[in-house]
Amino acid sequence: MIKLDGSDLRLAIGASVGAAVYSAVFGALAVQDGWSVAQAVAASVVIHAGGAQLVGLAALGAGAAPLTAVAAGTLVNMRLGVFGFALGDVFASWRGRFGAAHLVSDESAGTALTRATPAERRRTFMVVGLILFTGWTTGTLIGAVFGATLPDQVRGVLDSAAAAVFAALVIPLIHGRRELALALVAFVVALGAVAHVPPGVPVLLSALMVVPAALIRKGGVAR
């Protein structure tokens, strides 16, 4: 049984409200691109990938192949794999780890790692993760329902809203000059590739910029 803690609840509810705003844009955009409300909500329930869903949806909307959209979204959320190793002592069985993987996010894992014992980390991770998941799917439902009723003039603004939302997700991850330089390089690569490659590929190319950066950082740490 999950024991609820006041600090966990406050953090989880705050993160959930923010997630609902982001996912509402996803739901509205999905409906604009021809998805049904049920399909948009199912995507958030089954995938539950935060900003990666916006990237994948944008790629699909631009005409990219499904595999290209999946690859771009995967690269965006690749950093979450690190949390899996960091929380390895929290879930002893593979079954528990498999189920918990669906709830991994910056908020759920980051908060859990501040707790002292495995039991406290597990409780915090589950509370924050489940509430965040609820907020994300609820926001998607609201966005999809209202997105289906928006006039065409308003729907045209959603593409700009999606870009703003994704920027809001990325900017907090920039903590120093290295991350800022990487973000600028990724932006230039995507912008330069737009006129020369198929739709969706510019996002994939910009996401790939994280790979050499990670290798350079690993080499620097090793030395």
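Quick notes
- Per-atom-type breakdown for the range 1-133 gives carbon and sulfur 70% of the accessible area (1.4 Å probe, protein chains only).
- Only Lys, Arg (+1) and Asp, Glu (-1) charged, at Cβ; the range 67-152 dipole about Cα centre in debye: 380
- Simple spin-label estimate for residue 85 and residue 46 gives 3.1 nm between the two label positions (7 Å along the Cα-to-Cβ direction from each Cα).
- The range 38-143, accessible area per residue, ligands and nucleic acids excluded (1.4 Å, Å²): 47
- Efficiency of FRET between residue 184 and residue 21 - r from beta-carbon atoms, R0 25 angstrom, step 0.05: 0.45
- In Å², nearest 10: area of residue 33 left accessible to a 1.4 Å probe: 70
- If you sort 121, 178, 97, 115 by accessible surface, 1.4 Å probe, largest first, the order is 178, 97, 115, 121.
- Relative frequency of Cα-Cα separations exceeding 12 Å in the range 39-81, percent: 56
- Ligands, DNA and RNA aside, residue 13 has an accessible area near 90 Å² when probed at 1.4 Å.
- Mean projected area (nm²) of the alpha-carbon convex hull when the range 1-74 is viewed from all directions: 6.0
The values are calculated or read from the model by the stated rules, or taken from the named source; none is laboratory data. No experiment lies behind these values; they were computed from the predicted model shown. No Cβ is skipped: glycine too gets one built from the backbone with ideal geometry, and neighbour counts run over all protein chains shown. With ligands, DNA and RNA removed, areas are computed over all heavy atoms of the protein, side chains included. Shrake-Rupley method; radii C 1.70, N 1.55, O 1.52, S 1.80 Å.
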